[in-house]
Each structure stands twice: as structure tokens, then as C-alpha cells.
Amino acid sequence: MSTMSLKGVNKIYDNNVQAVYDFNLDVNDGEFVVLVGPSGCGKSTTLRMIAGLEDITSGSLVIDEKDVTQTPPKDRDIAMVFQNYALYPNMTVYDNMAFSLVLRKENSNVIHRKVMAAAEILNLKSQLNKKPKALSGGQRQRVAIGRAIVRHPKIFLFDEPLSNLDAKLRNSMRRELLLLHQKLNATIVYVTHDQIEALTLADKIVCMSMGYVQQIGTPLELYDHPANLFVAGFIGLPSMNFVDSKVFDGYIENEYFKLKLDEKNNELLKDYRGKEIVFGIRPEDITEEGDTKLTVTVNENLGQTTLVHGVIKDKKFVCKFKRWATYKEGDVINIGFKQDKLHFFDKETTKAIEA
Ligand code: ADP
């Protein structure tokens, strides 16, 4: 298995569109790295540069301490799994998986052993004689992964592999990918626009927007300590609630409520007194006790939790309570904000204000 580094990587397409700016990342051996961000943020471009399918305009790519910036794709020892599977329709599952090894002129016993091992891991043993069209979407995706596994590549690249599957299948394939990673201990770089996939799969998340890396960290780091407003709003569903607020000694205030600060938060915001900041609170960090009045618009029961949508004056708020709540439209409820879960952002730089 393998390590990889991208250093100061930029991508400018021929039409002068700069898709990626100064991308820096270290991938450790066996690490599952997820590039996540909205459509157009540059994640596929980055993946394609790693695969060698796009030139790197400037910067370098190092795999296992060897600079491969100029190395052709076939010599990088990387396997890519695409969202559209790219299977050969006229070949059986077995032949699809064996194909790259046949091209490499591997010994037929070795090929058989590798295909059978991959089929075992991917639960495809009973499907080996079928053609792709006779398989479900999830099975096809597994064949595409099998094709990558048999090659024992240094690095696996996944480009939105689950986006063509329906919601239920996506959930089960997500779990399969986790199991697969546990079994193979492979180094993986995985692209998705789905922040849930990023949170569930990644050892390390790279969150991107408009061609720039916004934050790199573990899922928990991005969730609990988003580096800026973009990451705070993108990671987490429903999204964090934000309110422009003014800082005073001991409290913050906005059009909708006044919020007392404990000693720690008061100290944190000391330099911002008299200034505007953005206050943020995740739906689950709102409590059903406090002195802020929320008028309920929708009570959405999800089983173990309830999403309560409401307004404070005209400002929309979403709360997530850990119980089966039964509020009605128009109910006025008291809410509060957990002091150790408050987020504050600098209005100009959008960066998180943290100790
Ligand atoms: P993502 O994968 O995050 O959706 P992409 O990497 O596909 O984003 O695209 C990033 C930016 O680069 C977008 O603005 C897109 O329009 C542009 N882009 C992608 N491919 C090309 C190309 N072949 N030529 C010119 N611009 C491109």
C-alpha cells in the first residue's frame, strides 16, 4: 500500500478556467480520504490529475516518495472506479474483472486466483457468469470495484461511485465500502458531493469550494470545529443556523434575541466587542429550555428525533430534539442554545473564531 502527496497543485484548463488553486494534501498509507464539496468546486479535476487523466498545470504529485507529476496514467499504478461503472457489456462479470490482468499477460492461474478472491470479498461469486445487464446497480458497482481490486493498485480512486444508486442501495453500498476498506486496508481517494458520505466513510475529509481547499481534517474536526462559514454550512444536515450578531461584554445581540455568554465565550469574543460577527448553532445544539421564543411552522418526526422548523420574527430556525415532539403550527416554544456548542465567525474573513 501507499502514501501520496499533492504539493501546491494548480489546474488551469485550456479555456483559462482555473479549477483548482494551490491544493496541498498528504495521504497516509491505508487512509480513506474523501474530497467533498458542491458541484463545480474542483474535486473531479483533482481526482483526474491524480489519475493522470488531466495534466497538472503547476505543483507536484508524489506517490510512495516518487514524483509522478509527469508519469503517464498507466505507469502510476492507480485504479479508478467511475460513477457510470464503465463495464464491458459483452463480457461476463468474470471477464470484466479479469480483463486488465489479461492485458497485462498475467498467468491464467494467477488471474483466476485474483478474480475469485475479489469475487469473494465483494460477494459476487454467484454472479461470475452473468453479463452486466443482468445485474442490479449495486452489483454492477461491485464489479467495477472488483476490477480495481484484482490489480492490487497502490491507490484506489473513486469518482462519485454511489451517485447512480437509489437511496436505499446507496446506504448499503456505503456500509460495504467501509467493510471493504477494513478488509483491504487500501489507500483510497474518494470524491463525492454528499457530506453524509464524507462523514461516514472518511478518515480524512478535504472540503472544497470554488477550487480552494477550505479545510482538511477528520469528520469530527470538520463537524465540531468547522474552519469557516462555508464548511460550517456545508457539513451537517440540516445545516447550521446562522445569525448576524453584535458582540457586547457578556452577551451577543441581534434582531431576534440576546444571548448571554459564559466566561469562556465572553473571553473568546473579547476582541470583537462592538463589532458584528456571525453566530452559528447546529439544530441539535438547541434545547427546549431557554428564553428565546420560537414560533413553530412544521413539526417533522423522524423516529428517535424531531426536526422542529420555526421562525423567530421572520428568521427561519431549525431545531433537532432527541424525542418524539408533537408541536403544532403556530405553537410558541422556548428554546435555548448550549454554551459549549456555540460557533462564532469573523464577518469579514468568514473564519471561525476559536481559542
Ligand atoms: P466538481 O467535480 O467539484 O463538480 P470539476 O472538477 O468537474 O468540479 O470542475 C471544476 C471547474 O472546472 C468547473 O468550473 C468546471 O466547469 C471546470 N471544468 C471542468 N472540466 C473542464 C474542462 N475540461 N475544460 C474547462 N473547464 C472545465
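For segment 258-355, which strands (runs of 3 or more DSSP E) that fit wholly inside it have 3 or more residues that are within 17 Å of Gly233 (Cβ to Cβ) and in contact (Cβ under 8 Å) with a residue 12 or more places away in the chain?
Correct list: 276-281, 315-321, 343-346.
In segment 21-45, what count of residues is obtained for those that are assigned to a helix (DSSP H, G or I) and loosely packed, with under 14 Cβ neighbours inside 10 Å?
Matching residues across segment 21-45 total 0.
Which one is nearest to Ala134 (Cα to Cα), of the residues in segment 83-93 that are crowded, with 17+ Cβ neighbours inside 10 Å and in contact with a helix residue (DSSP H, G or I) (Cβ under 6 Å, 6 or more places away or on another chain)?
The residue in question is Val93.
Quick one: which of Leu87, Leu61, Leu135 is more than 23 Å from Leu162 (Cα to Cα) and not small (Gly, Ala, Ser)?
Leu61
Just give me the residues in segment 26-45 being over 15 Å from the mean Cα position of the chain (by Cα) and away from the ligand (no atom under 13 Å from the Cβ), in sequence order.
Those that are over 15 Å from the mean Cα position of the chain (by Cα) and away from the ligand (no atom under 13 Å from the Cβ): Asp26, Val27, Asn28, Asp29, Gly30.
If I filter segment 7-18 for residues that are more than 14 Å from the ligand (Cβ to nearest atom), basic (Lys, Arg) and either in contact (Cβ under 8 Å) with a residue 24 or more places away in the chain or in contact with a strand residue (DSSP E or B) (Cβ under 8 Å, 6 or more places away or on another chain) (or both), do I get at least one hit?
Looking for residues that are more than 14 Å from the ligand (Cβ to nearest atom), basic (Lys, Arg) and either in contact (Cβ under 8 Å) with a residue 24 or more places away in the chain or in contact with a strand residue (DSSP E or B) (Cβ under 8 Å, 6 or more places away or on another chain) (or both), one finds at least one in segment 7-18, hence yes.
Give the residues of segment 46-63 that are surrounded by 15 or more Cβ atoms within 10 Å (Cβ to Cβ) and either in contact with a Ser or Thr (Cβ under 8 Å, 6 or more places away or on another chain) or basic (Lys, Arg) (or both), sorted by residue number.
Selection gives Arg48, Gly52, Glu54, Ile56, Gly59, Leu61, Val62, Ile63.
Which members of segment 181-190 meet the condition of being more than 16 Å from the ligand (Cβ to nearest atom) and either closer than 21 Å to Asp26 by Cβ or in contact with a Lys or Arg (Cβ under 6 Å, 6 or more places away or on another chain) (or both)?
Those that are more than 16 Å from the ligand (Cβ to nearest atom) and either closer than 21 Å to Asp26 by Cβ or in contact with a Lys or Arg (Cβ under 6 Å, 6 or more places away or on another chain) (or both): His181, Leu184, Asn185, Ala186, Thr187, Ile188.
For Val247, indicate whether it is modelled with pLDDT of 95 or more, more than 16 Å from the ligand (Cβ to nearest atom) and not small (Gly, Ala, Ser).
When the stated conditions are applied, Val247 passes them.
Results for (1) within 16 Å of the ligand (Cβ to nearest atom); (2) more than 24 Å from Lys341 (Cα to Cα), shown as yes or no for each residue.
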| position | (1), (2) |
| --- | --- |
| Thr192 | yes, yes |
| Ile205 | yes, no |
| Gly211 | yes, yes |
| Phe234 | yes, no |
| Asn241 | no, no |
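Do you know which of the residues in segment 46-85 that are under 28 Å from Val143 (Cα atoms) and part of a strand (DSSP E or B) is farthest from the ligand (Cβ to nearest atom)?
Result: Ile63.
The values are calculated or read from the model by the stated rules, or taken from the named source; none is laboratory data. What you see is a predicted model; the values in this text were computed from it and never measured. Counting neighbours? That spans all protein chains shown, and the Cβs are built from the backbone with ideal geometry, glycine included.
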